[in-house]
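Engineer: The following block contains the structure, expressed as structure tokens.
The values are calculated or read from the model by the stated rules, or taken from the named source; none is laboratory data. Everything numeric in this text was worked out from a predicted model, so none of it was measured. Cβ: placed from backbone, ideal geometry, glycine included. Neighbour counts: every protein chain shown.
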Amino acid sequence: MNDMPSHARPGPRNLLTDVPGLKVGQAHDQLAASGVTVILPDNRSVCAVDVRGGAPGTRETDALSPENLVEAVHAVVLSGGSVYGLAAADGVAAWLGARGRGFAMADRPEVPSSPVVPAAILFDLANGGNKAWGEAPPYRAMGLAAVAAAAEAFDLGTAGAGYGAMAGSLKGGLGSASVVCGDGVTVGAIVAVNCWGSVVAPGGDGSGASFWAAPYEIGAEFGGLGSAGLAAGPEDWGLAKTSGEARNTTIACVATDVALTPAQARRVAIMAQDGLARAIRPIHAPFDGDVVFALSTARRPIGGHADFAVARLGTLAADTLARAVARAVFEARPWPGAEGSSWRELFAK
């Protein structure tokens, strides 16, 4: 994959699942106004993670360091619910283990396999909904439901881990996008956008509706407003949340069909974080928990010029993630009884 592509376009679904070997499942609890998204590889896949936010909530991310034993994962979980949402990975691990999917730690039938299921959570506990669940938070059950529903098609906007999310002062949500290059290399991204910063620019077309990610838009996938005139003053943050608002975090996963080592996947995850910076302003604040995973399904070889290939994949991942962020907010609708406005309510013509 060493030649520059002559043509690149979104995949047939413009979703993460355009990367061969991946499915996505989602579930939400309307009463609790929260949800879960599961990325499910057909086979265990190399995975890495990069954490930039100042207040992350994660599970099994230390295991993904390139120097450690684990080189592949069986699923990745993105969840609402803050610390309670980490239990969604328990449900996913139980589902996988019951089907014999995991690392076999002992060759005996009475010893279950051990699935590796890293997870990241966002804080939607104060965004509405009934969170008075006592000792029975719904996230393990949502994890089970989401992984069982895994498929190539899935909903955007108010869905999955983005169900209860807010993007600045707009309704946030679940976004995804993909790109297929002229040589067949595929990169996809999925993101739950619950950011403190704004995804729309004060300048742009004059309405305040243009997305910061507009320069990376393909076609009219999030409104086609264009990037002419995008501008903001040093402290003009547009539709960001109020100062000191601590209910935040954007969590994401990028993926490719190119075979990567754990160290190479880590570099792709690091570079992909730039996609959040291109689409959200400000980002990576002390009260954000921003996390990006990177997956490789290894359906095609990396080729001889590996460093160039990694640089190319990281750049594609960043652009694709920026597009996914804008799609999340563009597609979002308020859930029944929710406060706040969606992008479409304010700006759609």
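Engineer: Select from segment 299-349 the residues that are within 20 Å of Asn14 (Cα to Cα) and small (Gly, Ala, Ser) and write down the one among them that is surrounded by the most Cβ atoms within 10 Å (Cβ to Cβ).
Structural biologist: Per the criteria, the residue is Ala328.
Okay, residues lined up against (1) closer than 21 Å to Ala55 by Cα; (2) assigned to a helix (DSSP H, G or I); (3) at pLDDT 95 or above; (4) aromatic (Phe, Trp, Tyr):
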position: Ala153; (1), (2), (3), (4): no, no, yes, no
position: Ser178; (1), (2), (3), (4): no, no, yes, no
position: Val191; (1), (2), (3), (4): yes, no, yes, no
position: Cys195; (1), (2), (3), (4): yes, no, no, no
position: Pro202; (1), (2), (3), (4): no, no, no, no
position: Gly206; (1), (2), (3), (4): no, no, no, no
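Engineer: Additional query: Which pairs do you get when a residue that is at positive phi, found in segment 215-233, comes within reach of a residue that is assigned to a loop (DSSP other than H, G, I, E, B) and surrounded by fewer than 11 Cβ atoms within 10 Å (Cβ to Cβ), reach meaning Cβ atoms under 8 angstrom, with the pair 6+ apart or on two chains?
Structural biologist: Gly223/Ala348; Gly229/Gly206
Engineer: From the list Pro109, Pro115, exactly one residue is crowded, with 21+ Cβ neighbours inside 10 Å and either at pLDDT 90 or above or farther than 21 Å from Tyr163 by Cβ (or both). Which is it?
Structural biologist: Answer to the selection: Pro115.
Engineer: Right, next: Residues in segment 109-128 that are in a loop (DSSP other than H, G, I, E, B) and either of a type in the set (A, V, I, L, M) or under 18 Å from the mean Cα position of the chain (by Cα) (or both): how many?
Structural biologist: 9
Table: residues versus (1) surrounded by fewer than 24 Cβ atoms within 10 Å (Cβ to Cβ); (2) at pLDDT below 95; (3) more than 14 Å from the chain's Cα centre (by Cα).
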position	(1), (2), (3)
Asn2	yes, yes, yes
His7	yes, yes, yes
Pro10	yes, no, yes
Thr17	no, no, no
Gly21	yes, no, yes
Ser34	no, no, yes
Val38	no, no, no
Thr58	yes, no, no
Pro66	yes, yes, yes
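Engineer: Output the residues belonging to segment 142-159 that are under 12 Å from Glu331 (Cβ atoms) and of a type outside the set (Asp, Glu). Steps first, answer last, please.
Structural biologist: Going through segment 142-159, the residues under 12 Å from Glu331 (Cβ atoms) turn out to be 154-159.
Scanning segment 142-159 gives Phe154, Leu156, Gly157, Thr158, Ala159.
Engineer: Let me ask something additional. With respect to Leu276, is the statement that it is in a strand (DSSP E or B) and under 14 Å from the mean Cα position of the chain (by Cα) true? Don't jump to the end; show me each part of the working.
Structural biologist: Working: in a strand (DSSP E or B): no; under 14 Å from the mean Cα position of the chain (by Cα): yes.
So Leu276 fails the test.
Engineer: Filter segment 231-263 for residues that are closer than 17 Å to Ala189 by Cβ and either part of a loop (DSSP other than H, G, I, E, B) or not hydroxyl-bearing (Ser, Thr, Tyr) (or both) and give the result.
Structural biologist: Keep residues of segment 231-263 that are closer than 17 Å to Ala189 by Cβ, which gives 249-258, 260.
Selection gives Thr249, Ile251, Ala252, Cys253, Val254, Ala255, Asp257, Val258, Leu260.
Engineer: Give me the residue from segment 25-54 that is out of contact with any helix residue (DSSP H, G or I) (no Cβ under 8 Å at 6 or more places or on another chain) and in a strand (DSSP E or B) and, out of that set, farthest from Ala151 (Cα to Cα).
Structural biologist: Val51
Engineer: Another question about this same structure. Of the numbered conditions (1) closer than 24 Å to Asp62 by Cα; (2) touching a strand residue (DSSP E or B) at 6+ places or on another chain (Cβ under 9 Å); (3) of a type in the set (D, E, K, R), Lys241 satisfies every one except a single condition; which is it?
Structural biologist: Here Lys241 clears every test but (1).
Engineer: Quick check: anything in segment 69-86 aromatic (Phe, Trp, Tyr), buried (at least 21 other Cβ atoms within 10 Å of the Cβ) and out of contact with any Gly (no Cβ under 7 Å at 6 or more places or on another chain)?
Structural biologist: no
Engineer: Could you say which residue among Gly337, Gly314 is out of contact with any strand residue (DSSP E or B) (no Cβ under 8 Å at 6 or more places or on another chain) and within 27 Å of Gly21 (Cβ to Cβ)?
Structural biologist: Numbers: Gly337 fails: within 27 Å of Gly21 (Cβ to Cβ).
Among Gly337, Gly314, only Gly314 is out of contact with any strand residue (DSSP E or B) (no Cβ under 8 Å at 6 or more places or on another chain) and within 27 Å of Gly21 (Cβ to Cβ).
Engineer: Same structure, new question: Run Pro282 past the list (1) surrounded by fewer than 23 Cβ atoms within 10 Å (Cβ to Cβ); (2) within 13 Å of the chain's Cα centre (by Cα) and report the number of the one that doesn't hold.
Structural biologist: (2)
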